[in-house]
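Note sheet for the following structure.
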Amino acid sequence: MATRPVMTMEGSARRRTFHPVVMVLVSALALVAQSYMGYKLPRLALIDLPLLTVVYFSIMLRSPLTGTLGGTALGLAQDALGGHLMGVNGMLKAMVGYAAASLGVRLDVENPMVRLLLAALFTLGNSVVGFVIVARLAGMEMQWMWLHETARVLANGALAAPYYWLLDKLRRRD
């Protein structure tokens with residue numbers, strides 16, 4: 001079970017947890033929704049629900065190992081379901097999970113504005129590193145599309161606050 005201590009105003013620590021089944025179900029639903037949006041609603045393909053899910057669980061659990069492993073699993077599943085170059089999303093989401101968990105230790109991740117900015121930042125980082133991997137390392141022809149990536153960052157950042165608010169409702173409090 002994933003836990004993290006939270007200091008209250010009185011100075012006592014309480015634990016917030018996510019049941020492992022909830023984490024798996026949320027991740028699976030994010031993957032299914034992402035696959036559906038990619039095929040049926042191409043305009044919504046800008047939104048990367050698995051990325052937002054990795055960022056949320058990583059910053060809230062504050063465990064780089066959990067963030068890395070969860071990001072790898074979600075990324076590989078996204079590659080398999082989306083028909084992408086196998087392993088690229090696995091690498092990208094693993095890096096995002098590690099970085100988000102590391103930042104989650106240092107930042108007030110309960111603040112919705114911080115969450116929104118982190119989601120936008122990691123969306124941009126995911127795009128940049130993905131471009132480098134696919135275009136430079138895999139040798140595939142790609143062109144950086146500024147307008148598309150700006151819209152992607154804004155869409156994921158805007159969705160992060162309500163999505164994370166919903167995920168907050170699934171936390172167990174001890």
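The values are calculated or read from the model by the stated rules, or taken from the named source; none is laboratory data. Note that the coordinates shown come from a computational prediction; the quantities given were computed from them, not determined experimentally. Ideal geometry is used to build each Cβ from the backbone, glycine not excepted, and the neighbour counts take in all protein chains shown.
May I ask you to list the residues in the stretch 104-123 that are touching a helix residue (DSSP H, G or I) at 6+ places or on another chain (Cβ under 7 Å), touching a residue at least 12 places away in the same chain (Cβ under 8 Å) and either basic (Lys, Arg) or farther than 16 Å from TYR163 by Cβ (or both)?
Once the filter is applied, which keeps residues that are touching a helix residue (DSSP H, G or I) at 6+ places or on another chain (Cβ under 7 Å), touching a residue at least 12 places away in the same chain (Cβ under 8 Å) and either basic (Lys, Arg) or farther than 16 Å from TYR163 by Cβ (or both), the stretch 104-123 yields GLY104, LEU107, ARG115.
If I ask for residues that are outside any helix (DSSP H, G or I) and buried (at least 24 other Cβ atoms within 10 Å of the Cβ), which ones from the stretch 38-65 would you list?
Scanning the stretch 38-65 gives a single hit, ASP48.
Return the only residue of THR8, THR53 being at negative phi and at pLDDT below 90.
Testing whether each residue is at negative phi and at pLDDT below 90 leaves just THR8.
Please go through the stretch 51-67 and give me each residue that is over 14 Å from PHE122 (Cβ atoms) and of a type in the set (Ser, Thr, Tyr), ordered by number.
SER63, THR66
Out of all the residues in the stretch 82-110, which are under 17 Å from THR53 (Cα atoms) and surrounded by fewer than 15 Cβ atoms within 10 Å (Cβ to Cβ)?
The one that is under 17 Å from THR53 (Cα atoms) and surrounded by fewer than 15 Cβ atoms within 10 Å (Cβ to Cβ): GLU110.
What are the pairs with Cβ atoms under 7 angstrom where one residue, in the stretch 142-163, is without any contact (Cβ under 8 Å) to a residue 40 or more places away in the chain and of a type outside the set (Phe, Trp, Tyr) and the other, located anywhere, is assigned to a helix (DSSP H, G or I) and surrounded by fewer than 18 Cβ atoms within 10 Å (Cβ to Cβ)? Sequence gap at least six, or different chains.
Filtered contacts from the stretch 142-163: MET142/PHE131; MET142/VAL134; MET142/ALA135; VAL153/LEU124.
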